[in-house]
Amino acid sequence: MNIPAPIEAARAELQSLRRDIHAHPELRYEEHCTADLVARKLTEWGIKVHRGLGKTGVVGTLRAGASPRAIGLRADMDALPIQEHNVFAHRSQHDGKMHACGHDGHTTMLLGAARYLAKQRDFNGTVHLIFQPAEEDGAGARAMVEDGLFRLFPVEAVFGLHNWPGMPAGAFGVATGPAMASSSEFEIIVKGVGAHAAMPHMGRDPVFAAIQIANGLQSIITRNKKPLDTAVLSVTQFHAGDVLNVIPEVARLGGTVRAFAPDALDLIEARMRDIAQMTASAYECAIEFVFRRESPAVINSAAETQRAADVMTQIVGAHNVNRALEPTMGAEDFSYMLREAPGCYAFIGNGDGAHRSDGHGAGPCILHNPSYDFNDDILTLGATYWVRLVEAFLPVKNSAANWTAC
C-alpha cells in the first residue's frame, strides 16, 4: 500500500479530526459547525473557499499550473437522526444525532487530501473540493447544483467515495454503469366511511381496502415489470385507527421504490396509481396518491470509472480492487452531480467492525446502525486515493510518475 509520507505523518491528526466531527454530528442543512471547521481548515492551507451553496455547502478551489482542466471531488457532511449506542470517548455529544454512515470519515479523508494537494501542488489544473450537506434524504447535491455549483465551478468530471462495511479495509470496489438505484417515496391515503366495528356494513372500510392495495402493489414487480429490470417496491408504513372497536375513516400506507432504469420507474409509478385507485374504488373508497422521486440512479461513466480503478490498483494492487462490484439498491444523491458531469462513485472498505474502540454498541458495524463507527485506519488510504486521482487526471506535463504500484 503506497501512502505518501506527508499523509502518513498526519494519521493521528486525521483521526483526531474525524473523531471530533463524530462527537458533534449535525443533521441535514444544519451542518453549520462542520462547515465552519471545513472552511477554517481549507483557508488555513491557502485554499480559496466559497460557502452557501445548498445552504451549508462548502467548496474549496485549488489551482496549480496553467491548464484549464478541472476536476471535482465530493464528500458529504451530514449525520443521521439516530441515538448512538456506542459509549467510547468520541461518541455523539448530541442526543438523537449520530454519524452512523461515515460522513465524518468522508469529510476527513477529503480534508486530508486537500492539505496534501495544497502543499505539494503536483498537478496541473484546478481541483474543486465539494463538501456537501444533506445527503441523508435532503437532496443536498441537488440543492448545490440548483444553486449553481457547476456553473460557478465547472469540471470535466466529478468523483465521490463512500465507505463500505464488510469490504476489507485496504480494498476498493467500483462498478461501470449502474452503481446505486434511484430512490422514490410514496404515500397512499385511503378514505372511507367510519363505522362501529360490530356493524361494518354501515361504513366503507379503508383498512380492508388498504390491505388489498398493499398486496396488489407486489404484482407490479412480479407481473408488470420486465424480469431483467431490477427494482424493489417496499411498503414500510401502515397507519390506521386509534380504537379497537371503531372502523376508521382513513388508512395510510407508504414506502419506497428503488430501480435502475427510468422506464421501469415510470411503469411502476403508473401501475401503482392504477392499482390504488381501482382497488379503492372496488371497495367504495377514495384515495390520494403521492409519488416523490428523491434521487435518480447513480450511473458511473466508463472512462472515469476505468481511471478511478486504475488509480486504486496502483495504490493497493489489483487483488484489492473489485472492478465489477455488484450494484446496490441503496441510493445516493451524488447522482445529481453525475447528471451534470461524467464521473465515478466508488467504495472503500470499512472492514468488519473489529476496528471499533472499546465501548462500542452491541450491534453490528453496518451503515445506519447505532453501533457503527468509521474505521480510522482507512483515513490515510482514502486521502491517498483522492490525491492520486487528481494527479492522474491532471498530470504535470512531461513529468514522470512519482509513485509506483505495489
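Quick check: net charge around His355, other residues with Cβ under 15 Å of its Cβ, Lys/Arg +1 and Asp/Glu -1? It would help to have the intermediate numbers written out before the result.
Details: positive: Arg11, Arg18, Arg19, Arg356; negative: Asp104, Asp352, Asp358, Asp373, Asp376, Asp377.
Local net charge: -2.
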| field | Highest-fluctuation residue, Gly343, Gly112, Gly170 considered, GNM on the chain with Cα pairs under 10 Å | value | Gly170
| field | Computed Rg/Rh of the chain, alpha carbon atoms with Kirkwood Rh | value | 1.05
| query | How would you classify region 278-406 from its alpha-carbon gyration tensor, with a ≥ b ≥ c the square roots of the eigenvalues: rounded for a/c under 1.5, else prolate if a/b is greater than b/c, otherwise oblate? | reply | oblate
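For region 47-151, just run the numbers: alpha carbon Rg, then divide by 2.2 N^0.38 Å, N being how many residues it has. Display every interim value, and only then the final one.
Working: Rg = 15.7 Å, N = 105, 2.2 N^0.38 = 12.9 Å.
In units of the 2.2 N^0.38 Å rule of thumb, it is 1.22.
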| query | Name the residues of region 9-44 whose amide N is less than 18 Å from a point 7 angstrom out from the Cα of Ser357 along the C-beta direction? | reply | 11-26
| note | Taking Lys and Arg as +1 and Asp and Glu as -1, residues besides Thr256 with C-beta under 9 Å from its C-beta add up to -1
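What translational diffusion coefficient, to the nearest whole µm²/s, does region 258-319 have by Stokes-Einstein, given a Kirkwood radius computed over alpha-carbon pairs, a temperature of 25 °C and 0.890 mPa s viscosity? All intermediate terms of the calculation are to be shown ahead of the outcome.
Working: Rh = 15.5 Å.
Translational D for this selection: 159 µm²/s.
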| query | Relative contact order of region 182-295: what whole-number percent is it, with Cα pairs under 8 angstrom and at least 6 residues apart? | reply | 44 percent
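Counting DSSP beta bridges in the chain, what percent are antiparallel, to the nearest 5? It would help to have the intermediate numbers written out before the result.
Values: 48 of 69 bridges.
Antiparallel: roughly 70 percent of the beta bridges in the chain.
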| said: Let me check the size of region 21-64 from its C-alpha atoms; what are the radius of gyration and Dmax in Å? | reply: 11.0, 35
| message | In 10 Å bins starting at zero, report the fraction of Cα pairs in region 137-227 per bin as a rounded %. | response | 10, 21, 21, 22, 14, 9, 2
| remark: Rounded to the nearest whole number, the per residue volume of the convex hull around the C-alpha atoms of region 182-295 in Å³ is 84 Å³
| field | Structure-based [θ]222 nm, the chain - -39500 (n - 2.57) summed over DSSP H runs of at least 4, per residue, nearest 500 | value | -10000 deg cm²/dmol
| query | Under the Karplus relation 6.51 cos²θ - 1.76 cosθ + 1.60, θ = phi - 60°, what is the ordered set of whole-Hz ³J(HN,Hα) values for region 317-331, x standing for Gly and Pro? | reply | x, 4, 5, 10, 10, 8, 7, 10, 4, 5, x, 10, 7, x, 10
| How big is the Kirkwood radius of region 99-188, worked out from every pair of different alpha carbons and given in Å to one decimal? | 16.0 Å
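If Lys and Arg each add +1 and Asp and Glu each add -1, what is the summed charge of the other residues whose beta carbon sits under 14 Å from the beta carbon of Ile275?
Result for the local shell: +2.
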| note | Simple SL model, points at 7 angstrom along Cα→Cβ for Phe88 and Met202; separation in nm is 6.2 nm
| said: Between region 298-320 and region 249-285, what is the separation of their alpha carbon centroids in Å? | reply: 39 Å
| remark: A correct Kirkwood calculation over the Cα atoms of region 1-90 returns a hydrodynamic radius in Å of 15.4 Å
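Computed from the coordinates by the stated procedures, all read-outs in this text should not be read as laboratory data. Since this is a predicted model, take the numbers as computed values, not measurements. Using ideal geometry, Cβ is built from the backbone for each residue, glycine included, and neighbour counts are taken over all protein chains shown.
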